[in-house]
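Participant: Encoded as structure tokens, here's the structure I'll be asking about.
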Amino acid sequence: MTKLLLQSPNPQATIQIGRILGTCLPRGSFVALDGILGAGKTQLVKGIACGLDEGGWAGLRSPTFTLMLSYHGGRCVLHHVDFYRLNEAPELPGEILEAMNSERDITVVEWASIWREVWPDRYIHVSIEVEDDDKRRVTIEDPFSICPEIPKALEEFTVQPAET
Amino acid sequence: MLILGIETSCDDTAVALVEDGWKIRAGARSSQEKMHAQYGGIVPEVACRVHLETLLPLLDKVRKEAGVELRDIDAIAATNQPGLVGSLYVGLSAAKALAWSLGKPLIAVDHIEAHIYAVHMAEKDLSYPHVSVVVSGGHTDIFISTGPTEHKLITRTLDDAAGECFDKVAALLGIGYPGGPAIQMTSLGGDRDAVPFPRGEGGPDGLQLSFSGLKTAVLNDLRKRGFVFEAEKNSGRMISARAPATPVPKSETRTLSVRLPLADIAASFQEAAVDILIRATLAATRKSRCKSVVLAGGVAANKRLREKMAAACKSQKNTRFAAAPLNLCTDNAEMVAGLGFHKLLSGQTASMDVDVLPNKDEKRLVAEKA
């Protein structure tokens with residue numbers, strides 16, 4: 001699978017898409033997440049967190065201010081990173097770079113395309129576009145087949161089947 | 001007892017000398033706001049370097065202003081949590097070096113607890129317990145406080161911090177950084193009811209706090225006015241509103257290709273944010289039966305929030321309302337030295353191997369889960 005087009009009718013559905021991703025992403029996955037302010041990036045990560053650890057994670061908040069928040073309770077560690085404030089920084093803080101390249105943990109980076117150069121070699125790219133007040137179009141690209149289960153798992157939200 | 005306070009948890013370098021927990025002998029703060037404004041946010045590596053360059057000259061200045069020698073200081077207090085890792089290290093390491101070389105006790109202070117304590121420095125008759133509302137760029141937490149270092153978390157934002165929401169909405173409106181002062185200034189003369197932004201749900205007990213829905217509502221409002229958004233890669237501001245290529249329908253009273261009613265949007269947004277905070281604060285007050293409410297943190301400097309929360313508290317069983325004085329709202333070292341005094345009195349000193357805890361909240365959440 002390289003590209004999947006999904007429709008999310010409301011924020012709850014965005015969380016649900018995240019939850020499904022969270023259940024099937026393998027350890028060591030790096031997810032680059034894009035979308036403008038208010039698109040629902042943090043909602044999606046909240047979902048991923050729930051997918052990693054059902055029932056927990058109510059405490060997931062925006063990492064914009066602290067740059068990275070790590071959650072240790074689930075199936076594996078989740079690092080939630082935000083590049084929003086890192087624009088034009090001279091270099092990426094070491095602990096973030098380490099998280100992004102981890103083989104054990106899952107790392108999701110919001111505003112990832114601000115700094116495309118620091119992505120690891122293998123990534124999943126998710127971008128959320130605003131269609132109207134609630135509706136979002138979610139594009140998932142998995143060029144390295146990190147998570148082949150995605151198309152089947154997210155079938156109910158798919159508007160355009162996977163291109164290979 | 002003279003305590004030296006050092007605060008470097010984020011982008012402000014601050015040093016202060018405070019006597020007996022409240023009497024400010026001298027204090028100075030060097031803000032990196034201007035430096036980071038060009039990036040639309042804080043750049044950690046830059047912040048670290050500036051802390052390093054600023055801290056010692058600032059210490060010298062404060063010491064001279066107070067007319068004391070280093071040996072006159074009774075203890076050294078520094079923020080060790082939460083905050084940016086590198087920034088915290090600069091302040092804590094300096095404090096350790098001073099404490100070690102002077103042979104004085106070292107005190108590690110929690111930044112959030114210090115913010116709450118700042119209110120006590122101005123209102124000495126304020127007694128515990130009270131509801132504490134800490135609102136800043138990184139935090140929106142409501143606690144029940146029973147002592148200077150005893151705070152029980154009652155509720156916190158589910159997503160964005162209030163200050164972060166101000167920053168991001170200011171970015172959407174293109175009115176600058178930091179968002180708090182920018183929104184406050186822009187909202188002057190604006191109609192608070194112009195746009196009925198949603199206040200979200202308070203949940204069954206009214207304690208639920210969330211700001212991401214409000215942020216999205218501002219985005220949607222701007223889109224309805226015909227603005228389109230684009231993320232600008234590697235530019236100073238990452239997102240900007242752009243007038244559409246085609247003219248806006250005449251039905252819009254103020255056409256946006258001419259001007260966006262910025263004052264109205266800012267005032268309406270600010271009002272909604274304030275209402276969300278007040279709803280949760282009053283709910284916490286009812287739940288805890290506390291007779292006073294304390295407002296602290298950078299966003300506590302917002303005039304409308306202070307004004308409206310004071311009125312809301314008064315109308316709810318005449319609850320006492322105390323906000324941090326304006327000079328102690330944003331990050332400062334006076335509050336660190338002030339709280340340091342109380343920690344020293346109660347024997348809460350730190351050893352030389354005390355570490356920084358950048359996001360201790362998350363560690364605490366996990367600990368509770370386990």
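The values are calculated or read from the model by the stated rules, or taken from the named source; none is laboratory data. In this text, all values refer to a predicted model and were calculated from it rather than measured experimentally. Every residue, glycine as well, gets a Cβ built from its backbone with ideal geometry; the counts of neighbours run over all protein chains shown. Just so you know, the surface numbers come from the protein's heavy atoms only, side chains and all, with ligands and any DNA or RNA stripped out. Shrake-Rupley method; radii C 1.70, N 1.55, O 1.52, S 1.80 Å.
Participant: Report, by residue number, each residue of the range B:174-213 that is away from chain A (no Cβ under 11 Å), assigned to a helix (DSSP H, G or I) and not β-branched (Val, Ile, Thr).
Facilitator: B:179, B:180, B:181, B:182, B:184, B:185, B:187
Participant: Still on this structure: Out of all the residues in the range B:113-141, which are within 14 Å of another protein chain (Cβ to nearest Cβ) and open to solvent by 10 Å² or more (accessible area, probe 1.4 Å)?
Facilitator: B:136, B:137, B:138, B:139
Participant: Every residue in the range B:153-167 that is of a type outside the set (A, V, I, L, M) and either facing chain A (nearest Cβ under 7 Å) or farther than 14 Å from residue B:218 by Cα (or both), please. Outline the logic, then answer.
Facilitator: Looking only at the range B:153-167, we keep the residues that are of a type outside the set (A, V, I, L, M), and these are B:155-157, B:159-160, B:163-167.
Scanning the range B:153-167 gives B:155, B:156, B:157, B:159, B:160, B:163, B:164.
Participant: Let me ask you something else. Based on this model, can you work out whether residue B:216 counts as β-branched (Val, Ile, Thr) and assigned to a strand (DSSP E or B)?
Facilitator: In short, no.
Participant: Select, from A:113, A:62, the only residue that is in contact (Cβ under 8 Å) with a residue 60 or more places away in the chain and among the polar types (S, T, N, Q). First the steps, then the outcome.
Facilitator: Details: A:62 fails: in contact (Cβ under 8 Å) with a residue 60 or more places away in the chain.
Being in contact (Cβ under 8 Å) with a residue 60 or more places away in the chain and among the polar types (S, T, N, Q) holds for just one of A:113, A:62, which is A:113.
Participant: From the list A:139, A:158, A:66, pick out the single residue that is under 30 Å from residue B:221 (Cα atoms), within 11 Å of another protein chain (Cβ to nearest Cβ) and either open to solvent by less than 80 Å² (accessible area, probe 1.4 Å) or not polar (S, T, N, Q) (or both).
Facilitator: Working: A:139 fails: within 11 Å of another protein chain (Cβ to nearest Cβ); A:158 fails: within 11 Å of another protein chain (Cβ to nearest Cβ).
Exactly one residue qualifies, and that residue is A:66.
Residue by residue, here is whether (1) open to solvent by 30 Å² or more (accessible area, probe 1.4 Å); (2) assigned to a helix (DSSP H, G or I) holds:
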position	(1), (2)
B:269	no, yes
B:274	no, yes
B:299	no, yes
B:307	yes, yes
B:311	yes, yes
B:327	yes, yes
B:331	no, no
B:337	no, yes
B:356	no, no
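Participant: Can you find even one residue in the range B:167-186 that is open to solvent by less than 60 Å² (accessible area, probe 1.4 Å), over 25 Å from residue B:12 (Cα atoms) and at pLDDT 90 or above?
Facilitator: no
Participant: Can you spot a residue in the range B:69-81 that is open to solvent by 10 Å² or more (accessible area, probe 1.4 Å), more than 30 Å from residue B:159 (Cβ to Cβ) and not acidic (Asp, Glu)?
Facilitator: The answer is yes, given that some residue of the range B:69-81 is open to solvent by 10 Å² or more (accessible area, probe 1.4 Å), more than 30 Å from residue B:159 (Cβ to Cβ) and not acidic (Asp, Glu).
Participant: Mind listing whichever residues of the range A:101-117 are crowded, with 22+ Cβ neighbours inside 10 Å and either within 18 Å of residue A:76 (Cα to Cα) or out of contact with any Lys or Arg (no Cβ under 9 Å at 6 or more places or on another chain) (or both)?
Facilitator: A:106, A:107, A:108, A:109, A:112
Participant: Then there's this: Give B:356, B:336, B:294, B:274 a once-over and let me know the one that is of a type in the set (Val, Ile, Thr) and at pLDDT below 95.
Facilitator: B:356
Participant: So residue B:146 fits all but one of (1) at pLDDT below 95; (2) surrounded by fewer than 24 Cβ atoms within 10 Å (Cβ to Cβ); what number is the exception?
Facilitator: (1)
Participant: Test each condition in (1) within 22 Å of residue B:287 (Cβ to Cβ); (2) touching an Asp or Glu at 6+ places or on another chain (Cβ under 7 Å) for residue B:203 and report the one that comes out false.
Facilitator: (2)
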